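Colleague: This is the structure I have questions about; it appears just below.
Laboratory data are not the source of any read-out in this text; all were calculated from the coordinates shown. Only a predicted model underlies this, so the values are computations on that prediction, with no experimental measurement involved. Please note: Cβ atoms are built from the backbone with ideal geometry, for glycine as well, and neighbour counts cover all protein chains shown.
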Amino acid sequence: MRFNELGVGLKLELKLNSLDEKRGNSVFVSEFEWAENDKIIYIAAPIKNGRIYPVIVGESVDMVFIKNDNLYEVKGEVIGREVRHNISLLRVEITSEIRKIQRREFFRFDCSIPVGYRIAGQKEIDGSKKRFTKSYTRDLSGGGVCIRLKERIETGELLECELSLNDFNKVNFLEE
C-alpha cells in the first residue's frame with residue numbers, strides 16, 4: 001500500500017513516543033492530510049481537551065489506521081510543524097513500511113443493546129439517585145462498549161451504566 005492511496009481525512013490513531021519522560025507515551029486521534037512522497041506525509045496536529053497538543057519535532061510516532069476493513073501500522077518521526085489554511089499540521093518522515101496488523105481489541109461487534117447511564121454520584125433534588133438515561137449501544141469490543149449518548153459528557157467524568165442483556169439479566173459497570 002502507498003500513501004497516495006489513502007484518502008484525505010482518514011482517521012489515524014497516533015501514539016507519540018515522547019522524548020520527554022515527563023510527557024510519557026500518549027495516544028491521540030489525528031487525520032491523514034496528504035503525502036508529499038512515499039517518505040514524507042502531512043497529518044493534522046492532535047487535539048487534546050479541545051486544544052492542539054504540542055508535538056516536539058524529533059518525536060517518533062506510531063500511526064494506526066483502517067483501510068478496506070484491515071488494520072495497518074506505520075512508524076514515523078515528526079520533522080516539522082506548520083499551519084496551512086488555518087490547519088495545524090505535522091510533517092512526518094516515514095521510518096518503516098506500512099504493515100497489516102491484527103490486534104484482539106480491534107474486533108468490534110455492531111449491536112444495539114438497551115443501556116442506561118448516569119453520571120456517578122449525581123442526585124435528584126430530593127436526594128435520591130438520579131434515574132438512568134435510556135439509550136443504546138453502538139458496538140461492543142474486547143476493550144469496551146460504545147454508547148450513543150443523548151448529552152455531552154465531560155472528559156474524565158465517571159459514568160454508571162446498566163446494560164440490559166434481557167428482561168431479567170443486567171450488567172452494571174462504572175466507566176470513565
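Colleague: In what order do T95, T155, T133 fall by count of nearby beta-carbon atoms within 10 Å, going from fewest to most?
Modeller: T155, T95, T133
Colleague: Okay, moving on. Need one word for segment 48-89: rounded, prolate or oblate. Basis is the Cα gyration tensor (sqrt eigenvalues a ≥ b ≥ c); a/c below 1.5 gives rounded, then a/b vs b/c decides.
Modeller: prolate
Colleague: With springs only between Cα atoms under 10 Å apart, run a GNM on the chain and tell me which of G76, G121, G144 wobbles the most.
Modeller: G121
Colleague: What distance in nm separates the simple spin-label points at K39 and V171, each placed 7 Å from Cα in the Cβ direction?
Modeller: Placing both labels 7 Å beyond Cα along the Cβ direction yields 4.8 nm.
Colleague: Hey, got the Cα dimensions of the chain along the principal axes, in Å, largest first?
Modeller: In descending order, the Cα extents are 60, 33, 32 Å.
Colleague: To continue, here is another question. Only bridges with both residues in segment 108-175 count here: give the DSSP antiparallel percent, nearest 5.
Modeller: Bridges in segment 108-175 that DSSP calls antiparallel: roughly 100 percent.
Colleague: Also, quick follow-up: What lysines does K170 reach when the alpha-carbon gap must be under 29 Å and sequence neighbours fewer than 8 apart in one chain are set aside?
Modeller: K123, K129, K130, K134, K150
Colleague: What percentage of all Cα-Cα pairs in segment 108-175 are separated by more than 14 Å?
Modeller: It works out to 61 percent of all Cα pairs.
Colleague: How high is the relative contact order of the chain? Use alpha-carbon pairs under 8 Å, at least six apart in sequence, and give a whole percent.
Modeller: Once divided by the residue count of the chain, the mean separation gives 14 percent.
Colleague: If you don't mind, another one. Around I66, with a cut-off of 10 angstrom between Cβ atoms, what is the net charge of the other residues, counting Lys and Arg +1 and Asp and Glu -1?
Modeller: 0
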